[in-house]
Amino acid sequence: MFVSIDAFLKYFDAVNRRALRDIGALPPEADGWAPATGEGEHAWGINQLVGHMAGSRLYFASAYRGEGWISPEPPDVSAKDRWLPAIAESAEELHRQLDETPHAWLERKIQMIDTDDTLSGWRVLMMMLEHDIHHRSQIDTYAGLNGWPVPDIYGRSAEKIGGLQEAERVKHS
C-alpha cells in the first residue's frame, strides 16, 4: 500500500522507464505488427497496445481524481516514432493530474465503473500499474515470439543469475 502520492509517483516513474526502455527496443518491423489471429483486444497490434497503455493511465487517473472512469482520446501512435512520445507525454500528464492530490485520497473509496463495489484510491492506482505492466509484458512476449530483442527486466538475465548461484551458495553456507 502506498501512503503518499509522492511514493506512488516515484514507483510509477520506474515502471514508466521500463515501458520506455522496452518499447524503445522494438525494431522498425514492429510498426504495424499485429497477431495473425484473435478478436478484439486479443488481436491488437503493437501500435494499438502502446496507445492503449498511454491512454489508460489517464483513465485510471480520472477515476482516482473522482472525475469518473473516463477514457481520454487515444494518442496518435500510427507510427513507431510516435510511440515513445505518447508514453512520455502520458507520464507527464499523469504527474500533472496527481502531483498535488491529497495523500488522504489514497484511502478514499472510489466507485467502480461496472459493479457496485468500491476500491480505495491506492488500489485504483495499483490497477493502473498492473495494467501498464500487463501490456508491456504482452509487447515483450510479441517481441520474443518475433525474435526481436527483449530487454532484461533489471539488466540481469536468468542465465547471468544462474551462473552466480554456486558462488552465492558457497558464500552463504
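Laboratory data are not the source of any read-out in this text; all were calculated from the coordinates shown. Worth saying up front: this structure is predicted, and the values here are computed from it rather than measured. FYI the Cβ positions are ideal-geometry reconstructions off the backbone, even for glycines, and counts take in every protein chain you see.
For residue 6, the requirement of being out of contact with any Lys or Arg (no Cβ under 9 Å at 6 or more places or on another chain) and either in contact (Cβ under 8 Å) with a residue 60 or more places away in the chain or assigned to a helix (DSSP H, G or I) (or both) is met.
Quick check on my filter: what residues within region 28-51 are part of a loop (DSSP other than H, G, I, E, B) and touching a Lys or Arg at 6+ places or on another chain (Cβ under 9 Å)?
Initially, region 28-51 is screened for residues part of a loop (DSSP other than H, G, I, E, B), giving 31-39, 44-45.
Within region 28-51, 31, 32 qualify.
Quick grid of which residues meet (1) surrounded by 12 or more Cβ atoms within 10 Å (Cβ to Cβ); (2) of a type in the set (Asp, Glu); (3) within 17 Å of residue 87 (Cβ to Cβ):
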| site | (1), (2), (3) |
| --- | --- |
| 120 | yes, no, no |
| 123 | yes, no, no |
| 127 | yes, no, no |
| 131 | yes, no, yes |
| 137 | yes, no, yes |
| 146 | yes, no, no |
| 159 | no, yes, no |
| 162 | no, no, no |
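Condition test on residue 71, is it within 26 Å of residue 120 (Cβ to Cβ) and either in a loop (DSSP other than H, G, I, E, B) or under 15 Å from the mean Cα position of the chain (by Cα) (or both)? Yes: the conditions hold for residue 71. Looking only at residues of region 77-118 that are over 15 Å from residue 5 (Cβ atoms) and in contact with a Phe, Trp or Tyr (Cβ under 6 Å, 6 or more places away or on another chain), we find that the one that is surrounded by the most Cβ atoms within 10 Å (Cβ to Cβ) is 77.
Residue 28 satisfies every condition listed in (1) surrounded by 12 or more Cβ atoms within 10 Å (Cβ to Cβ); (2) under 18 Å from residue 145 (Cα atoms); (3) in contact (Cβ under 8 Å) with a residue 12 or more places away in the chain; (4) over 18 Å from the mean Cα position of the chain (by Cα) except (1).
Here the condition is being part of a strand (DSSP E or B) and either in contact (Cβ under 8 Å) with a residue 12 or more places away in the chain or farther than 19 Å from residue 21 by Cα (or both); of 161, 153, 133, 110, it holds for 110 alone.
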